[in-house]
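Visitor: This structure is in structure tokens; I'll ask about it shortly.
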Amino acid sequence: MGEHLDNGLSEHQQALALLGGVLLTLQSAEQIVKLCMTYVFPKECNPTLEQIEAQKSEEAKKTLGYFLGQLRKRAAIDSAFDETLREFLLLRNQFIHNLNTVQGFGFDTPEEIAVVVSYTGRLFTLAREVHGVFLGAARAWQDQVGINTDLPDHEFFEHIDLVYKPLAGTLLVPKK
């Protein structure tokens, strides 16, 4: 475990770096979910600015589980994507609150580090997918309401617009 790999980091250091990367990805995914629940899937149909501000204030300290529960009330969700959301929430909560319950998770042996890499890899994949779908929904909503954002030509946004914007329209459909 103490030997260094090609990038100069030990396996232990790489595992810790993965944990940090997953944490940042989780935070980004949660922020876009909350944004979508305020603007793309609001509580009120055609909300006023005052209603949006009241909703934001009321929901400021709510959990990701709350927002996903609200999403299920406000949108028809593709069943496969709903399973992705359930697994994402389960692993996210375990990561944030009970990482010690992941069987075999640790930093003392190569086997434990392999569990760290596998677990964080799965959570990272789920977080990126959730982030992409909700960002795609936000980008589609921007088009729908006529918000023009002068984003730089960047491969990230091109990918979101090409892949996730149309996908969001099939995975998440606002209820009337």
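What follows draws every value from the coordinates through simple rules; no lab data is involved. In this text the structure is predicted, and so the values were computed from the model without any measurement. With ideal geometry, Cβ positions are generated from the backbone for all residues, glycine too; neighbour counts draw on all protein chains shown.
Visitor: Given the options 130, 102, 117, which has the most mean-square fluctuation in a GNM of the chain, springs set between C-alpha atoms less than 10 angstrom apart?
Guide: Greatest mean-square fluctuation among the candidates belongs to 102.
Visitor: Convert 20 °C to kelvin, take the viscosity as 1.002 mPa s, use the Kirkwood radius over C-alpha pairs of the chain as Rh, and evaluate the Stokes-Einstein diffusion coefficient in µm²/s, rounded to a whole number.
Guide: D, rounded to a whole number, is 120 µm²/s.
Visitor: Which value at 222 nm does the chain reach when only helices count, each DSSP H run of 4 or more adding -39,500 (n - 2.57), with the total divided by all residues and rounded to the nearest 500 deg cm²/dmol?
Guide: Taking each H run of at least 4 residues, the total per residue is -22000 deg cm²/dmol.
Visitor: Roughly how far apart, in whole Å, are the Cα centres of the range 35-52 and the range 115-176?
Guide: Centre-to-centre distance over Cα atoms comes out at 19 Å.
Visitor: Then there is this: Sticking with the crude label model, points 7 Å out along Cα→Cβ, report the distance from residue 124 to residue 103 in nm, one decimal please.
Guide: 2.4 nm
Visitor: Rg and Dmax of the range 79-176, Cα atoms, in Å?
Guide: 17.3, 54
Visitor: For the range 1-89, what does the convex hull of the Cα positions come to per residue, in cubic angstrom?
Guide: So the per-residue hull volume is 133 Å³.
Visitor: Mind giving me the nanometre distance, one decimal, between the label points for residue 144 and residue 54, set 7 Å out from Cα along Cα→Cβ?
Guide: 2.2 nm
Visitor: Next question. What does the extension gain come out to for residue 10 and residue 155, with contour length at 0.36 nm per residue minus their alpha carbon separation?
Guide: 49.1 nm
Visitor: Continuing with this model, one more query. Helix 64-74 versus the longest principal axis of the chain: what is the Cα-based angle in degrees, 0 to 90, to the nearest 10?
Guide: Roughly 30 degrees, rounded to the nearest 10.
Visitor: Which pairs in the list 56/165; 34/175; 34/61; 43/175 are over 22 Å apart, alpha-carbon to alpha-carbon?
Guide: The answer is 56/165.
Visitor: Using the crude model of +1 on Lys and Arg Cβ and -1 on Asp and Glu Cβ, and no other charge, please compute the dipole size for the chain relative to its Cα centre, in debye to 20.
Guide: 1000 debye
Visitor: Using square roots of five times the C-alpha gyration tensor eigenvalues, list the equivalent-ellipsoid semi-axes of the range 69-128 in whole Å, biggest first.
Guide: The equivalent ellipsoid of the range 69-128 has semi-axes of 29, 11, 7 Å.
Visitor: Among 118, 57, 28, which one shows the biggest mean-square fluctuation in a GNM of the chain, springs joining Cα atoms closer than 10 Å?
Guide: 57
Visitor: Within the range 38-59, name every residue whose backbone N is under 15 Å away from a label modeled 7 Å from Cα of residue 175 along the Cβ vector.
Guide: Flagged as within label range: 41-45.
Visitor: Using the alpha-carbon atoms, what tilt in degrees (0 to 90, nearest 10) does helix 11-39 show relative to the longest principal axis of the chain?
Guide: It works out to around 10 degrees.
Visitor: Rounded to the nearest 10 degrees, what's the angle between the helix 49-58 long axis and the longest principal axis of the chain, both from Cα atoms, 0 to 90?
Guide: 30 degrees
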